[in-house]
Amino acid sequence: MKGMSIRVIMALLFVGTLTLSFAFVLLSAVLVRNTFVRFLPADAVPQVMAGLQTLLMYQAIGILAMSVILALIAFWILGSIVVVPLRTIIEAMSAFAENGTRLPLPDLKMAPLEISTLANVFAGFMDKVETVHQKDTEISRVKSDFISTAAHQLRTPLTGIRWALEALEREPLNESQQALIKSAVDKSHDLVAIVGTLLDISSIESGKYNYQFVSVDLVALATEVTNDFVPLATQRQVALITDPLETPIPPVRADRDRIKWILNNLIENAIRYTPAGGSIHVSLGIAASQIQVRVSDTGIGIPKTERGNIFERFYRAGNAIAKENQGNGLGLYIARTIAKDHGGDLDFKENEGGTGTTFILSFPMAT
Ligand code: ADP
């Protein structure tokens, strides 16, 4: 019965019942004949047999007609009060699961108890999910507002500290003082960069980021970014390779600085999360009518249980924290948001053989 529609099951039951009824009629006819034929005078047998046959035929027609009428009524009732409402509920469930769309539930006036209970339970479930979702959106908004306000407040004093430290760096200082100031200047640069990232997040999230869309040569941009990272890759003893083009890549309409920012992030991550002796390949191609930039590494990979989370704000996988304690878990979140704002996407897959990860940044082909 598994996987069969209720209507098919009903049709099978109907055919089965009909066959049994015919078998029963036939059996009773044979029994009647065998029982009575012995008591009849020989010349009456053909007449009685003919009568029996006619009776049998009328009985069969009667059973068939009654069964068909009953089956049609059963199908109609089953269709209107069971199958149709069930289908409507299934469609509503799929739409809600796929994109949160709330389709109307069926009219349950005539529905059997189990179906109306199912529909009511599902309606309650949708209400609960929507309430949780609304709370979640509200919490996200409050968090974003807080981040944006805090980042704005921090930017001015931080910039002041950085300038002061840079001015101090130019003063005549002894060696240990110079080392201390240099470390403070470096950290202040990191802090300013973090504040910049937080501000980017709030402006991108609130849709206020002002993208400057121009025609961008992705091949040239990817080569430029890759070349910038050669010193870091060499220092980390990781090979950084730009693969030859598989096919000519047309320009895309994009914000060059933002795309450069994404590529910086992907290549820097690949270097940071790949142990010495590993390699990184940057390649461009066209697949499924999309232009793709792929950054593939032989690094630590992303644990299966954490794959659903790494595009979330502030999320860092356990193995990444163990390898690199520096990191804020914001890069991929911002990168994917920017990619989507370009009509594209950012995703990743585990490499074949399970060693390392490939990040894929995709853009729609210009129409
Ligand atoms: P960060 O690198 O600062 O932690 P990201 O947002 O750039 O933040 O990345 C989020 C998480 O995704 C990382 O902490 C890490 O767990 C995982 N990740 C990103 N890139 C890679 C990679 N190339 N290999 C393995 N894990 C990665």
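Please list, in order along region 198-212, the HN-Hα scalar couplings obtained from phi with the Karplus expression 6.51 cos²θ - 1.76 cosθ + 1.60 (θ = phi - 60°), rounded to whole Hz, x for Gly and Pro.
The phi angles translate into 4, 5, 4, 4, 5, 6, 5, 5, 7, x, 9, 5, 9, 6, 10 Hz.
Just subtract the alpha-carbon distance of residue 214 and residue 114 from 0.36 nm times their residue separation and send over the number in nm, one decimal.
30.1 nm
If the limit is 25 Å between Cα atoms, which of 208/260; 208/304; 135/208 go over it?
208/304
Largest first and to the nearest Å, give the Cα extent of region 254-367 along each principal axis.
Here the Cα extents, ordered largest to smallest, are 44, 28, 25 Å.
What does a probe at residue 168 reach in region 140-162, counting residues whose amide N is under 15 Å from the point 7 Å along Cα→Cβ?
158-162
Packing-wise, with mean Cβ within 10 Å as the measure, how do 305-313, 126-134 rank, highest first?
305-313, 126-134
When the chain is fully extended, how far beyond the present Cα-Cα distance does residue 37 get from residue 141, taking 0.36 nm per residue of separation? List each step's numbers first, then the result.
On the way: separation 104, 0.36 × 104 = 37.44 nm, distance 9.27 nm.
Extra length available between residue 37 and residue 141 comes to 28.2 nm.
Kirkwood hydrodynamic radius for region 181-324: how many Å is it when counted over pairs of different Cα atoms?
Answer for region 181-324: a Kirkwood hydrodynamic radius of 17.2 Å.
Return the distance in nm (one decimal) between the two label points of a simple spin-label model at residue 199 and residue 74, each offset 7 Å from Cα along Cα→Cβ.
So the two model labels end up 7.5 nm from each other.
For a label point 7 Å from the Cα of residue 64 along Cα→C-beta, name the residues of region 8-26 whose backbone N is under 16 Å from it.
In region 8-26, the label zone of residue 64 (backbone N under 16 Å from the point 7 Å along Cα→Cβ) covers 15-26.
Taking a virtual spin label 7 Å from the Cα of residue 289 along the C-beta vector, which residues in region 327-367 bring their backbone nitrogen under 13 Å of it?
From region 327-367, the list is 364-367.
Taking only the C-alpha atoms, wrap a convex hull around the chain and report its volume per residue in Å³ as a whole number.
Cα convex hull per residue, to the nearest whole number: 263 Å³.
Can you list residues from other chains, or at least 5 along the same chain, whose modelled amide H is less than 5 Å from the amide H of residue 279?
It is 239, 298, by chain and number.
What are the ³J(HN,Hα) values, in whole Hz, obtained from phi via the Karplus relation 6.51 cos²θ - 1.76 cosθ + 1.60 with θ = phi - 60°, for each residue of region 84-100 in sequence order, with x given for Gly and Pro?
Listing the rounded values in order: 4, x, 4, 4, 4, 5, 4, 4, 4, 5, 4, 4, 5, 5, 6, 9, x Hz.
Using helices alone, I'd like the mean residue ellipticity at 222 nm for the chain: each DSSP H run of four-plus residues gives -39500 (n - 2.57), total over residue count, nearest 500.
Computed mean residue ellipticity for the chain: -21000 deg cm²/dmol.
So for the pair residue 190, residue 279, with labels modelled 7 Å out along Cα→Cβ, what separation do we get in nm?
Between residue 190 and residue 279, the simple spin-label model gives 3.2 nm.
Could you give me the ³J(HN,Hα) list for region 249-256, computed from phi with Karplus coefficients 6.51, -1.76, 1.60 and θ = phi - 60°, whole Hz, x at Gly and Pro?
So the Karplus estimates, Gly and Pro as x, are 10, x, x, 10, 8, 7, 8, 4 Hz.
When only DSSP loop residues count, what trypsin sites (Lys or Arg not before Pro) in region 1-39 have their Cβ near at most 16 other Cβ atoms within 10 Å?
2
Using a Gaussian network for the chain with springs between C-alpha atoms less than 10 Å apart, which of these wobbles most: 300, 291, 69?
Among 300, 291, 69, the largest mean-square fluctuation in the Gaussian network model of the chain belongs to 69.
If R0 is 45 Å, what FRET efficiency do you get for residue 223 and residue 125 from their C-beta distance, rounded to 0.05? Intermediate results must be reported in sequence, preceding the final value.
Details: r = 52 Å, r/R0 = 1.15.
The computed FRET efficiency comes out at 0.30.
Every number in this text was worked out from the coordinates using simple rules, so none of it is lab data. Predicted model, so just to flag it, every value in this text is computed and none were measured. Every residue, glycine as well, gets a Cβ built from its backbone with ideal geometry; the counts of neighbours run over all protein chains shown.
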